[in-house]
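First up is the structure itself, then whatever we jot down about it.
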Amino acid sequence: DVILVHRLLKNQLKETLGMAAYAFITDACIQATTLQPELLSMVRYCEGYDVGEVCGWAHDLRAAWQRQLETRRVMVSEQEAMVTVSTEIPAPPGTVFELISSPRHRPSWSPEAMSIDEFADSSRRGVGTVNHCQHGDGVVVEEILDYRPPDYWTVRFEIPGAVVGMMTDSIEPSGEGSRVTIRMRLLEPEDGPARQEMVAAVAGMIEGAMTGLANYVADHPVILESVELPPTDEAARLASAVTR
């Protein structure tokens with residue numbers, strides 16, 4: 001059995017079936033469980049070794065993860081929100097989404113963000129990307145929990161030692177421009193006067209940022225033409241997220 005396992009580790013499944021990430025479950029393992037490989041869209045696969053032929057089922061983990069990403073949505077709901085701010089922005093949703101989510105653009109219009117350092121596992125921004133936003137003498141750490149351009153994105157944010165929360169920025173067409181709705185809820189502090197103070201402080205920051213964005217878009221129509229829009233193709237978005 002040890003020899004067989006060693007041989008299985010050197011299989012040609014990736015090259016044969018084109019699965020970059022997979023789980024191979026042998027027939028012996030399938031028979032010992034209640035798994036129904038056909039219902040899980042597994043692919044039948046056999047390979048010959050010096051110890052004999054081994055057959056089983058290959059499960060495409062990348063495809064499974066893509067399906068999971070499509071069904072899993074992380075948003076701050078209207079009921080959960082402690083702060084809700086809506087603002088009309090005179091630019092199309094794709095442009096607005098990029099201005100809001102891009103570390104390169106946000107410092108141009110946000111009065112709080114002096115600079116933003118982005119840390120990602122691939123060249124594309126998406127789920128798992130972490131931003132370190134320099135706000136005055138402090139840093140706000142953001143982690144992207146859901147990323148669906150140009151409709152919305154959700155981040156977990158933290159001011160170390162002070163506050164932890166979640167925020168969803170939703171963008172929808174409105175007339176010739178867009179309507180941005182930001183919903184925020186605090187996770188920490190859990191209760192008391194400090195929580196109320198933090199909610200008020202974050203609400204003020206959001207309102208100031210949206211005013212800054214609206215003014216920036218109105219004052220820089222030429223710059224907006226050069227904004228590189230985020231990828232909206234679903235397959236590209238999912239492929240980006242799978243690499244994280």
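The values are calculated or read from the model by the stated rules, or taken from the named source; none is laboratory data. Values in this document were obtained by computation on a predicted structure and should not be read as measured data. All Cβ positions, even for glycine, are placed from backbone atoms using ideal geometry, and neighbour counts span all protein chains on display. Just the protein is used for accessible areas: all its heavy atoms, side chains included, with ligands, DNA and RNA removed. Shrake-Rupley method; radii C 1.70, N 1.55, O 1.52, S 1.80 Å.
Points worth noting:
- Candidates ALA63, ALA91, ALA81, ALA113, filtered to the one that is of a type in the set (A, V, I, L, M) and surrounded by fewer than 17 Cβ atoms within 10 Å (Cβ to Cβ): ALA63
- Residue within segment 145-163 that is open to solvent by less than 60 Å² (accessible area, probe 1.4 Å), modelled with pLDDT under 95, assigned to a loop (DSSP other than H, G, I, E, B) and in contact with a Ser or Thr (Cβ under 8 Å, 6 or more places away or on another chain) present: yes
- Residues that are at pLDDT 90 or above, part of a helix (DSSP H, G or I) and among the aliphatic types (A, V, I, L, M), drawn from segment 55-97: VAL96
- Candidate set from segment 34-52 (those that are more than 20 Å from ALA21 (Cβ to Cβ) and over 33 Å from the mean Cα position of the chain (by Cα)); member that is modelled with the highest pLDDT: CYS46
- Candidates SER178, SER170, filtered to the one that is within 17 Å of the chain's Cα centre (by Cα) and part of a strand (DSSP E or B): SER170
- Residue in segment 116-144 that is nearest to the chain's Cα centre (by Cα), counting only those that are in a loop (DSSP other than H, G, I, E, B) and buried (at least 18 other Cβ atoms within 10 Å of the Cβ): VAL127
- Close Cβ contacts (under 6 Å, 6 or more residues apart or on different chains) running from residues in segment 25-40 that are more than 20 Å from GLN68 (Cβ to Cβ) and open to solvent by 90 Å² or more (accessible area, probe 1.4 Å) to residues that are in a helix (DSSP H, G or I) and at pLDDT below 90 are absent.
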